[in-house]
1. Name, by its number, the condition in (1) closer than 30 Å to Thr71 by Cα; (2) of a type in the set (Val, Ile, Thr); (3) free of Cβ contacts under 8 Å to residues at least 40 places away in the same chain that does not hold for Ile231.
2. Kindly indicate which of Leu240, Leu220, Leu258 is within 30 Å of Leu21 (Cβ to Cβ), surrounded by 14 or more Cβ atoms within 10 Å (Cβ to Cβ) and in contact with a Leu (Cβ under 6 Å, 6 or more places away or on another chain).
3. Just one of Ala200, Ala102, Ala116 is surrounded by fewer than 16 Cβ atoms within 10 Å (Cβ to Cβ) and either within 17 Å of the chain's Cα centre (by Cα) or part of a helix (DSSP H, G or I) (or both); which is it?
4. Residue by residue through segment 60-97, note down the ones that are of a type outside the set (A, V, I, L, M) and in a loop (DSSP other than H, G, I, E, B).
5. When both residues are 6+ apart or on different chains and their Cβ atoms are under 7 Å apart, which pairs have a first residue that lies in segment 202-216 and is in contact (Cβ under 8 Å) with a residue 60 or more places away in the chain, and a second that is in a helix (DSSP H, G or I) and surrounded by fewer than 19 Cβ atoms within 10 Å (Cβ to Cβ)?
6. For segment 120-170, give me each residue that is polar (S, T, N, Q), surrounded by fewer than 21 Cβ atoms within 10 Å (Cβ to Cβ) and over 25 Å from Phe73 (Cβ atoms).
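What follows is calculated from the coordinates using simple rules that are stated; it is not laboratory data. Computed from a prediction, not measured in an experiment: that's the story for all the values here. FYI the Cβ positions are ideal-geometry reconstructions off the backbone, even for glycines, and counts take in every protein chain you see.
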Amino acid sequence: MIVAAALAMLIAMAWVYIVALANSMASGGMSMGGMPMHESASMNMDANAGTTLGGMLAPAFKPWTIVEFTTTFVMWAVMMVGMMMPSAAPMILIYARVGRQAALQGKPFAATGFFAGGYLLAWFLFSLAATGGQWALDRAALLTPMMATTSDVLGALVLIAAGLFQWTPVKDVCLKHCQAPLSFIQHHGGFRRDALGSLAIGFRHGTYCVGCCWALMALLFVGGVMNVLWIAGLAIFVLLEKVIPLGRIVSRVAGVALTAWGMWLLVAALR
């Protein structure tokens, strides 16, 4: 019960942060890279106007500072906590329950926090990569202030890629491990009593989850990284994919829908 309450509080705090940040950006507070919205808008205008370089038209770009990069990384990290911890909760609670039974037998495991921390570490590394991706899109002037792509072609390609990934063997393997957490633990040597071993098995579990969901997370750049409804929709889909018996069917149906949506958007953009 203590672990469940701690997870609920952690998830709730993450969503409070997400909603507050989205509202701040929507009302003209902060924008991408942690900079004030008026500065971001000015940069977009400059990028659209372009600057002449070597006889060619190149977008203007203001380099991110360390503070802006760190702020963006924190945003992604907290967002991954809010989106992914609900689907990881069953595995974490299984660890806590088995660990409690082992403690009663005089053979305690490492604290549950080490396992959960390893899981989150995998998603924090993904957050670092996502921050780099956002920086690249910002540099190319391909993001709106709400962090959705300004290019219909790019958005279509991301949708198609995410849809096709839903049908790949990699998706099958990763989703299988995420859907059967206890089987995953047994397959990788069982629960660990030492803190480092617990952290490592949690990280491995998180790595499979990243492998399962990274393409879905890329869809944030299509609907808007700070679009709360889009974030919530993806989080709910990830949860359903992992916990319901027909999760694999749901995954493939979604893949078809995403691919069709991307193809339609691509055709419309190229007309």
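1. Status for Ile231: all satisfied but (3).
2. On the way: Leu240 fails: in contact with a Leu (Cβ under 6 Å, 6 or more places away or on another chain); Leu220 fails: in contact with a Leu (Cβ under 6 Å, 6 or more places away or on another chain).
The match here is Leu258.
3. Details: Ala200 fails: surrounded by fewer than 16 Cβ atoms within 10 Å (Cβ to Cβ); Ala116 fails: surrounded by fewer than 16 Cβ atoms within 10 Å (Cβ to Cβ).
When all the criteria are applied, what remains is Ala102.
4. To start, the set of residues in segment 60-97 that are of a type outside the set (A, V, I, L, M) comprises 61-65, 68-73, 76, 82, 86-87, 90, 95, 97.
Phe61, Lys62, Pro63, Trp64, Thr65, listed by residue number.
5. If the second residue must be in a helix (DSSP H, G or I) and surrounded by fewer than 19 Cβ atoms within 10 Å (Cβ to Cβ), the pairs left are Gly202/Gly117; Phe203/Leu121; His205/Phe184; Gly206/Leu121.
6. Thr168
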